[in-house]
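Accompanying notes for the structure given below.
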Amino acid sequence: MNYQDRDIIQQKGEFFVVGVNKGEIRTTNLGGIINNEAQTKSRTEAAAEIQLLLKRLEKTNPTTTEIEKLTVVAKATEAINQNPTLKARVINALKAGGTEAFKEAVDHPLVNILVATIEGWRETE
């Protein structure tokens with residue numbers, strides 16, 4: 001059996017069930033597809049959580065001046081840093097999907113400042 005044969009499931013014999021394929025099913029990229037879907041879901045969930053955090057902080061803190069914006073980002077950074085699971089998910093989301101994709105997923109004006117801080121964490125790990 002060569003390498004390519006391992007990625008093919010042969011279906012032989014009599015099948016009396018409607019809808020059964022008597023051919024072959026190629027599994028070569030199946031694991032990659034499943035992993036990509038899981039990464040996309042994780043990245044989307046992490047981005048949604050960060051977006052919610054920023055919106056919640058923005059409601060209770062003004063963001064008119066640069067100092068006020070930095071204060072909100074500092075509070076968000078502190079909240080993420082105190083939640084190791086969220087911190088790991090955010091760092092992994094940046095690694096897997098890239099910075100720009102994560103920024104688009106968060107869709108909040110303060111995300112650019114926050115991502116700069118998170119990228120600093122990513123570099124130290």
On the basis of being under 23 Å from the mean Cα position of the chain (by Cα) and exposed (fewer than 14 other Cβ atoms within 10 Å of the Cβ), does Lys75 make the cut?
no
Have a look at Gly19, Gly31, Gly13 and point out the one that is exposed (fewer than 11 other Cβ atoms within 10 Å of the Cβ), in a loop (DSSP other than H, G, I, E, B) and at pLDDT 55 or above.
Gly13
What number of residues in region 78-110 are modelled with pLDDT under 90 and in a loop (DSSP other than H, G, I, E, B)?
2
Return the pair list, or none, for Cβ contacts closer than 6 Å from residues in region 87-99 that are closer than 17 Å to Leu110 by Cα and surrounded by 17 or more Cβ atoms within 10 Å (Cβ to Cβ) to residues that are of a type in the set (Asp, Glu) and at pLDDT below 85, at least 6 apart or on different chains.
none
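Identify all residues within region 48-77 that are part of a loop (DSSP other than H, G, I, E, B) and without any contact (Cβ under 8 Å) to a residue 12 or more places away in the chain; write none if there are none. Write out each step before concluding.
Keep residues of region 48-77 that are part of a loop (DSSP other than H, G, I, E, B), which gives 61-65.
Scanning region 48-77 gives Pro62, Thr64, Thr65.
The values are calculated or read from the model by the stated rules, or taken from the named source; none is laboratory data. This structure is a prediction, so every number in the text was calculated from the model and none was measured. So basically every Cβ, Gly included, is an ideal-geometry build from the backbone, and we count neighbours across all protein chains shown.
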